[in-house]
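The values are calculated or read from the model by the stated rules, or taken from the named source; none is laboratory data. None of these values were measured; they are calculated from a predicted model. Reconstructed Cβ throughout: ideal geometry from the backbone, glycine too, with neighbour counts over all protein chains shown. The protein model used for the area step is the full one, side chains on, heavy atoms only, and it has no ligands, DNA or RNA in it. Shrake-Rupley method; radii C 1.70, N 1.55, O 1.52, S 1.80 Å.
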Amino acid sequence: MAVFEVADPGLGTDLSAVSGEEILERMAHLIECEGALQLRIGELLYAVESGDRRKTGVTSCRAFVKEFTDLDRSWATKLKNLAAPGRTIVKVAVCRNWIPISMAVEAPRDMTPDEEDAWVQGVRTGEIRRETKSAHNRPRVDIEDPADAAVLHEARKRARTMVGGNCSDEVADRHMRKEWRNRSDGKDIVRRAMKPRDPPPPLEPIDWSTAIDPAAPMLGPREVPKDEMDARRIMERLLHDKTMRTIEIGRLFQEVRDRKLYELWGYSTMEEMVRKCFRVTIKTLQNYRDRARDLSIYPELIQALESGMSARRVDLVYEVATEDNVARWLEVAKRTTVAELERAVAWSHETAGDFALESYELAMSKTKSAHHWVALRAARRPTRPPKRIEGVHPDQMEAARWYLANVKVPKQYGFEAVKERAEWTCENPRCYVVTITCEAHHKKRRSRGGGNEDENASSPCRCCHRGGIHAAGEFIRIEVDEHGRDVYRYADGVQVVVF
């Protein structure tokens with residue numbers, strides 16, 4: 001039976017009465033399962049991506065990772081690529097803890113078995129190391145002038161619109177510097193951003209009947225997904241198991257350090273034991289410990305995790321909640337998409353008291369059913385520019401000024417003006433991507449009598465518009481209820497009422 005299919009009580013919450021050897025063995029067991037769990041999650045990400053992810057309620061891989069996982073997007077992509085057919089020896093090495101998962105995802109593709117074996121041996125001996133780019137020695141400056149900070153803030157917003165995908169500040173800054181150095185034509189930058197991109201080639205489906213299961217010795221036989229929704233269900237359960245294991249590892253790590261239990265295994269320091277016994281770094285274990293310690297501040301958060309709430313939602317609640325309102329924020333987390341919850345938390349940071357929280361509670365009280373989720377247009381407020389910005393490239397301000405002067409977002413007129421009103425943000429509550437590829441959509445189709453009035457206009461991104469709303473299966477449906485509110489209905493049954 002797979003480990004994740006049973007309720008593993010671990011060693012309980014009180015570790016003071018547990019012997020040192022039991023604690024060490026339990027921690028070692030949990031760490032040894034890390035690579036196998038990550039590989040299983042990658043397999044399910046691959047299964048969703050090689051099928052039709054729109055059946056799960058989202059139209060893009062980016063939205064799927066945000067809504068249904070707590071993974072970093074780049075890490076999720078690496079896990080998905082590792083799980084693709086091939087690299088069997090590398091996968092076996094990960095599950096047997098011969099190499100760390102952080103190295104396995106960097107393994108070259110299309111290696112022969114002999115090349116794979118040589119690569120794994122090179123990693124084990126230290127001859128092959130992960131290439132890292134250190135930012136410690138890069139020159140950085142701080143923007144102290146509020147006027148300059150406002151300019152850079154505005155330039156980043158425009159760069160995100162061109163790059164798309166809700167890219168980070170660092171990615172937006174690199175994009176600006178690249179175009180500035182090349183002295184690109186501003187109109188050409190806009191044309192490139194608006195140009196339809198070729199879809200990635202379809203992934204080769206996994207043949208589960210013949211696919212080798214290197215994680216079986218650690219986790220038991222894999223549960224084969226029947227379809228995309230079943231893959232999502234299994235993956236969410238695996239991620240829950242991984243989260244609970246992470247918290248337990250953090251608690252055990254602190255107990256081992258406090259009681260100096262590493263001496264039972266003949267080591268003089270904790271760092272020495274970790275380096276010689278485990279395929280994780282001491283920094284990783286410290287991060288696990290810090291996360292367990294943070295969540296333990298509010299027992300309600302641990303209870304929410306145990307009841308099945310995703311780690312991403314719990315982390316967002318932790319970011320904004322207090323002892324007095326943590327239970328109320330958890331109720332909001334149950335009835336909002338992850339993208340909406342992120343906006344709620346950001347909005348709460350900018351408002352006094354519980355205004356944002358009360359706004360969501362009022363919206364929830366106006367829905368017909370507890371199964372209806374909510375979204376608030378008021379949460380999409382203009383972000384105030386910061387007073388100062390730390391640690392940017394010395395050329396960043398010059399690049400930002402050049403970018404604002406040369407890259408102009410096209411003016412929109414008539415029905416198309418809805419894109420400007422939405423600030424080039426997809427209005428789908430499961431997306432909210434900022435992109436210049438937003439398109440104007442008639443909520444009530446013109447073929448059904450809909451007109452070009454502002455009330456009938458919405459601004460989904462190209463992916464949601466063409467791949468979800470206007471797709472043959474109508475994976476996303478936008479309706480207007482009797483109160484004039486937009487209601488988004490998704491293929492997985494979720495309904496979101498927009499207030």
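A few comments on the model shown:
- Counting all C-alpha pairs of the stretch 19-168, share separated by more than 27 Å (%): 46
- Expected-Rg normalisation [2.2 N^0.38 Å, Cα atoms] applied to the stretch 316-463: 1.27
- Efficiency of FRET from Cβ geometry, residue 230 and residue 258, R₀ 41 Å, rounded to 0.05: 0.45
- Separation of the residue 269 and residue 114 label points, Cα + 7 Å toward Cβ, nm: 4.3
- A simple spin-label model places the labels of residue 178 and residue 237 4.2 nm from each other, with each point 7 Å out along Cα-to-Cβ.
- Against the chain, whose longest principal axis comes from its Cα atoms, helix 34-50 is set at around 30 degrees.
- Computed FRET value (nearest 0.05) for residue 154 with residue 447, which takes r as the C-beta separation and R₀ as 30 Å: 0.15
- Accessible-area composition of the stretch 214-345, carbon plus sulfur, in percent [1.4 Å probe]: 49
- Size descriptors for the stretch 267-358, from the alpha-carbon set: Rg then Dmax equal 16.8, 54 Å.
- Charge context of residue 97, other residues only, Cβ under 11 angstrom, K/R +1, D/E -1: +1
- Area projected by the alpha carbon convex hull of the stretch 22-72, averaged over all directions, nm²: 4.2
- Applying the Karplus relation 6.51 cos²θ - 1.76 cosθ + 1.60 with θ = phi - 60° to the stretch 142-158 yields 3J(HN,Hα) values of 9, 8, 8, 6, x, 5, 5, 4, 5, 5, 5, 4, 5, 5, 5, 4, 5 Hz, where x marks Gly and Pro.
- Where no second cysteine Cβ lies under 4.7 Å, the cysteines concerned in the chain: 33, 61, 95, 167, 277, 438, 463, 464
- Binning all Cα-Cα separations of the stretch 119-237 at 5 Å, short to long from zero, yields these whole-percent fractions: 2, 7, 9, 11, 10, 10, 12, 12, 11, 9, 5, 1, 0.
- For the peptides 458-469, 15-26, the ranking by packing is 458-469, 15-26, with the highest mean count of neighbouring Cβ atoms within 10 Å listed first.
- Between the stretch 408-470 and the stretch 297-323, the Cα center-to-center distance that results, in Å: 34
- Relative packing of peptides 33-44, 320-331 - highest average C-beta neighbours within 10 Å first: 33-44, 320-331
- Length added when fully stretched, residue 470-residue 142, from 0.36 nm per residue minus Cα-Cα: 113.5 nm
- Counting only alpha carbon atoms, the long axis of helix 282-295 and the longest principal axis of the chain meet at about 60°.
- Using the Karplus relation 6.51 cos²θ - 1.76 cosθ + 1.60 with θ = phi - 60°, the per-residue 3J(HN,Hα) values for the stretch 397-409 come to 5, 5, 5, 5, 5, 4, 5, 5, 6, 10, 9, 10, 6 Hz, with x marking Gly and Pro.
- Full extension of the chain segment joining residue 358 with residue 195 gains 54.5 nm, where the gain is 0.36 nm per residue of separation less the Cα-Cα distance.
- In this structure, the pairs whose alpha-carbon distance is over 26 Å, taken from 91/260; 55/187; 283/334; 419/444, are 91/260; 55/187; 283/334.
- For the chain, calculated [θ]222 nm from helices alone, where every DSSP H run of n ≥ 4 adds -39500 (n - 2.57): -14500 deg cm²/dmol
- Label corresponding to Cα extents along the principal axes in Å when calculated from the structure given, among (1) 99, 62, 57; (2) 74, 55, 50; (3) 88, 66, 43: (2)
- Qualifying aspartates and glutamates (Cα of each under 18 Å from Cα of residue 226; at least 8 residues distant if same chain): 5, 43, 49, 52, 204, 207, 213, 236, 492
- Peptides 396-404, 220-228 ordered by average Cβ neighbours within 10 Å, highest first: 396-404, 220-228
- Between the amide H of residue 438 and those of 462, distances stay under 5 Å, these residues lying 5 or more places away or on another chain, with hydrogens modeled in the peptide plane.
- In range of the label at residue 489: residues from the stretch 342-373 whose backbone nitrogen is under 19 Å from the point 7 Å along Cα→Cβ: 367-373
- Compared with the dominant principal axis of the Cα atoms in the chain, helix 113-125 is inclined by about 70°.
- Virtual spin-label span in nm between residue 212 and residue 377, 7 Å along Cα→Cβ: 5.7
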